[in-house]
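These notes are about the structure you will find just below.
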Amino acid sequence: MCVNEIQDELIEEFSLFGDWMEKYEHIIQMGKELPLIDEQYKTDENLIKGCQAKVWLHADVRDGKILFSADSDAIITKGLVSLVVRVLSNHSPSEIMQADLYFVDKIGLKEHLSMTRSNGLVSMIKQMKIMPLHCNPA
Amino acid sequence: MKTDTLLRQEVIDVQSIRKDFPILGSKVNGRPLVYFDNAATSQKPWRVIKAVEHYYTDLNSNVHRGVHHLSQKATDAFEASRRKVAGFINAAHDREVIFTNGTTEGINLVAHSFGKGFVQAGDVIIISALEHHSNIVPWQLLCEDRKAILKVVPINEKGEISLEAFKEMLDEKVKLVSISYVSNSLGTINPIRTVIKWSHELNIPVLLDAAQAVQHIPIDVQELDVDFLAFSGHKMYAPTGIGVLYGKEEWLNQMPPYQGGGEMIKSVSFEETTYNELPFKFEAGTPNIEAAICLGTAIDYINEIGLENILQYEHELVEYCTEKLSEIPGIRFIGTADNKASVVSFIVGELHPYDVGVILDQLGIAVRTGHHCTQPLMGFFCIPGTVRASFAFYNTKAEIDVFIEAVKKAVVMLG
């Protein structure tokens, strides 16, 4: 699936929720379920410091595609991070760099992008788009 | 008991007061706003909002410059506000009241000007472990510049400073003590009278960061005998961008200016510039005239309600909130000082404060989450931050009930 197909799939998934509580419960669940990053990569170097929540991000290259893994110490941020990883991971560097992440707005989570000082999400997305430039193809 | 309650209701008629603050009637995420982020900034009453409008429709002109009618009116209002501030903190003279753009600028002003005049290599500045970054970083900058030493008074698990440790730090090398009156993160009211007394025994001046105090506790700078006092207008129902630095005349006169520009000079030539007298020596450039005038309006408003009444009412809110929160399993209060003002800071179990804040926001509740610009303090408690509810006299116990239910809901959702 290409980046936009995954985004559309997410938008559809979220359209099923009746209210904010169901939506957040889903995000929290995703945050709880996904062991996103190998402990060895939870280093200071991989830490994207938000003002409040910490986010760790690691990238691997396989067959010309970038595989992201990430984690956060805040469960809602972790859930949001897992959404972004699901969308951007396993794509080519050019696809990642050109990606327009419209799903965040469409599923009503835009406020999490505007709170730039509160969580590391915006910095993480920025970092994910830069990372492919620094990854050596395996 | 019943009489007490009745009396109190007469002192703070909260329902009537709430009507003075238009924003309190708004809805957030479809729910009535519960605004518990007053330590970050307070809401503004109609009277202040209208005073802003009045300034721009009737008074707007630059101060202390023009001979024309409007400039005279603006100057009169500006200086009348300075007198109100002086009265509010009982300063001996208006000229000891310097308008700044906020507490941070006031502290930076002292760090810069006092530092330049009085701090040498090897000298010591004392702060406490409770301080806001704005009462840490200016001193670090000064100490770096002057090769001076910054010492930090430690705190105990309750979030109270150690007077014993403080006493041990005091010697002739100490040039200034800068400490918060009330901690922004924990609400601890520091034993400032003792701090000032002991410091003065060695002729060491004291700066009080009163950003979290002026709106809650009556302050008399002469009675306290404090040398410098900095606070912000926006936390006391006035607009943003205005603050006050009170300084004893004897110190301010000895200190070099902070910034150069218009207003702060007596005469300028390329060979020599002489400085204006107090307070203008420290007010370079056109000040925030509108906000300075409206600070006076906010002071009138506070005076009418009465700080003693405010103190008592807000204390009840803190007690009530603490009592109700204690019923939630896993609650851990951060800051349990015996003497506290208007702040309840906590975490629940292993829940990240950020997550709790997001859920509370969905429920229309505004609290602050995070480190509250006191990272060293959070380091002391080994936590990433707290959830902080901070109250003003327009908050109610009914709002606290809504807040408690919301915290419970967050615990269920996140747990």
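Each reported figure results from applying straightforward, stated rules to the coordinates on display, with no laboratory input. Please read these numbers as outputs of a predicted model, since none were measured by experiment. No Cβ is skipped: glycine too gets one built from the backbone with ideal geometry, and neighbour counts run over all protein chains shown.
Descriptive notes on the structure:
- Sorted ascending by nearby beta carbons within 10 Å, beginning with the fewest, B:Phe78, A:Phe68 become B:Phe78, A:Phe68.
- Mean Cβ neighbour count within 10 Å, used as a protection proxy, ranking B:321-328, B:30-37 highest first: B:30-37, B:321-328
- Phi angles of segment A:19-27 translate, via the Karplus equation with coefficients 6.51, -1.76, 1.60 and θ = phi - 60°, into HN-Hα couplings of 9, 4, 5, 4, 4, 5, 4, 5, 4 Hz per residue; Gly and Pro are given as x.
- Using θ = phi - 60° and Karplus 6.51 cos²θ - 1.76 cosθ + 1.60, couplings along segment B:55-64 (whole Hz; Gly, Pro as x): 4, 6, 8, 10, 10, 3, 5, 7, 9, 6
- Angle between chain A longest axis and helix A:75-88 axis [Cα atoms, degrees, rounded to 10]: 60 degrees
- More than 16 Å apart - percent of Cα-Cα pairs taken over segment A:3-134: 61 percent
- Subtracting the Cα-Cα distance of B:Ala121 and B:His68 from their residue separation scaled by 0.36 nm leaves 14.1 nm.
- A crude spin-label estimate for the pair B:Arg47 and B:Glu405, with each label 7 Å from Cα along the Cβ direction, gives 3.3 nm.
- Volume of the convex hull of segment B:67-135 (Cα atoms only), normalised per residue: 141 Å³.
- Relative protection proxy for B:108-115, B:64-71, B:347-354, B:268-275, from highest mean packing down: B:108-115, B:347-354, B:64-71, B:268-275 (other beta-carbon atoms within 10 angstrom).
- Residue exposure sequence - B:Lys175, A:Lys23, B:Lys44 - by fewest surrounding Cβ within 10 Å: A:Lys23, B:Lys175, B:Lys44
- Highest-fluctuation residue, B:Leu186, B:Leu278, B:Leu176 considered, GNM on chain B with Cα pairs under 10 Å: B:Leu278
- Build a GNM of chain A with springs between Cα atoms under 10 Å apart, and of A:Gln40, A:Gln52, A:Gln127 the one that fluctuates most is A:Gln40.
- Under-20-angstrom lysine pairs by C-alpha in chain A, whenever the two are 8 or more apart or on separate chains: 28
- Normalised alpha carbon radius of gyration of the protein assembly as shown [divisor 2.2 N^0.38 Å]: 1.08
- Antiparallel bridge percentage (DSSP; both residues within segment B:141-262; nearest 5): 50 percent
- With one equal scatterer per alpha carbon and no solvent term, the Debye-computed log10 I(q)/I(0) for segment A:11-68 at 0.16 1/Å reads -0.75.
- Put simply, the Cα atoms of chain B extend 71, 54, 39 Å along their principal axes, the longest span coming first.
- Cross-link partners of B:Lys175 among lysines (Cα-Cα below 19 Å; sequence separation of 8 or more within a chain): B:Lys116, B:Lys147, B:Lys151, B:Lys167, B:Lys197, B:Lys248
- By the count of other C-beta atoms within 10 Å, a proxy for reagent exposure, A:Ile76, B:Ile289, B:Ile404 are ordered fewest to most as B:Ile404, B:Ile289, A:Ile76.
- Taking a ≥ b ≥ c as the square roots of the eigenvalues of the Cα gyration tensor, an a/c ratio of 1.5 or more together with a/b no larger than b/c marks segment B:5-133 as oblate.
- Relative to one another, the C-alpha centroids of segment B:111-141 and segment B:330-401 are positioned 28 Å apart.
- Across peptide B:349-356, the mean count of Cβ atoms from other chains lying within 10 Å of each residue's own Cβ comes to 6.
- To the nearest ten degrees, helix A:3-15 and the longest principal axis of the Cα atoms of chain A are 20 degrees apart.
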